[in-house]
1. What is the calculated FRET efficiency for Asp113 to Asp250, with r their C-beta to C-beta distance and R₀ = 41 Å, to the nearest 0.05?
2. Can you give the angle from 0 to 90° between the axis of helix 44-57 and the longest principal axis of the chain, with both taken from C-alpha atoms, to the nearest 10?
3. Let me have the relative contact order for the chain, percent, based on Cα pairs under 8 Å that are six or more residues apart.
4. How high is the relative contact order of segment 1-112, in percent, with contacts defined as C-alpha pairs under 8 Å that are six or more residues apart?
5. Quick one: dipole size for segment 132-189, taken about the Cα centre, charges +1 on Lys/Arg Cβ and -1 on Asp/Glu Cβ, in debye to the nearest 20.
6. Using a Förster distance of 51 angstrom, determine the FRET efficiency expected from the C-beta separation of Ala213 and Val49, and round it to 0.05.
7. So how far apart, in nm, are the two label points at Ala312 and Thr283 if each is 7 Å from Cα heading toward Cβ?
8. Listed highest first by mean packing, meaning other Cβ atoms within 10 Å per residue, what order do 298-309, 229-240 come in?
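Here, each number is a calculation from the coordinates, and none is a lab measurement. Keep in mind that this is a model prediction, so the values were computed, not measured. Because the Cβ atoms are built from the backbone with ideal geometry, glycine has one as well, and the counts that use them run over all protein chains shown.
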Amino acid sequence: MAFAIVHHFPGGTKENYDAAIAVAPKFALAYFNRGIFYFDKGDYAHALVDYDSAIAIAPKYANAYYNRGRAYHAKGDNNRAIQDYDQAIKLVPSHAVAFNGRGLAWQGLRNHDRAVTDFSEAIRLSPLFANAYVNRGNSYWDKGARDSAMADYDQATRLEPVNAFGFQSRGRAYRIAGAYDRAIADFDHMIRLQRTNAAAWNERCYTHLVADAAPANALADCSEALKLNPNYAAALDNRGLALLKLNELDRAVADYDAALRLSPKSAHSLYGRGLAKLKKGDTEGGNADIAAAIAIRADIAKDFARHGLTVASQGGPATSPPGTPVGG
């Protein structure tokens, strides 16, 4: 990569950085490194305070602007992030990762044309920057330029065969395109690279479900994801669907219950639980869940109809209450 980003010292602790700042309160790098420490802990508010201090001490500290931009982006404030990336690029025009960061902020604002421009500049400055290819691929995909997206995903995986992000993005693209075997092959690779990454197992679980061919495999993968992260709402929802397809209704309801405790407004979990309750004979409870799901997302039935799961198929009435689509 053309421009290296300084990270906090190996083994650095908050106490180390506190002590350095106490001894040298104008030491910008100490604030910068403590900011990275906070960022890595997900404490973006404290990270921003430290990056502010580093910049106040050293107004031309390009990496401090870059890292503050990352913190704003992580908080969802993409406009503030872009301002900081602008400043980092102004100070260091060859700052490839700042172009990449700004591209991600534009992506967050759904401005995919400007995102592609920034990712392309990052790649021009640093031709081996695999994540920039993946990010540009994601923007191309969202723009509808799917061939360009796949070319970027392929290039990223060639440049960096150990980059799980590239395989994840390409696997999702294959899944959306209906190339399920290729998608599963990419998620297989992602799992080999990151066996303790719950998201990798959940991606493959969901692909098995969408392929509508191996609910038992989906169940195994989602269960592995939940061993790694028991509070993973998406994996609970997906496992609930696998159990529903396998007609394990009590377990399906239990998983949907757990998913809804974590994400109470999930239309998918509500609708799935409603179908499971209907099949169990709980007409009142099932109809209540389905009505609540449709109130959140009117077309939610379509997600289940593609799996052959409809109100009628689960033992519900052939005609539903007004406004309730049956079978999508």
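1. For Asp113 and Asp250, the calculated efficiency is 0.25.
2. The angle comes out near 20 degrees.
3. Once normalised by length, the contact order is 7 percent.
4. Here the relative contact order equals 21 percent.
5. Its charge dipole is roughly 140 debye.
6. Rounded to the nearest 0.05, the efficiency is 0.50.
7. Roughly 1.7 nm, to one decimal.
8. Per-residue Cβ counts within 10 Å, averaged per peptide and sorted highest first, yield 229-240, 298-309.
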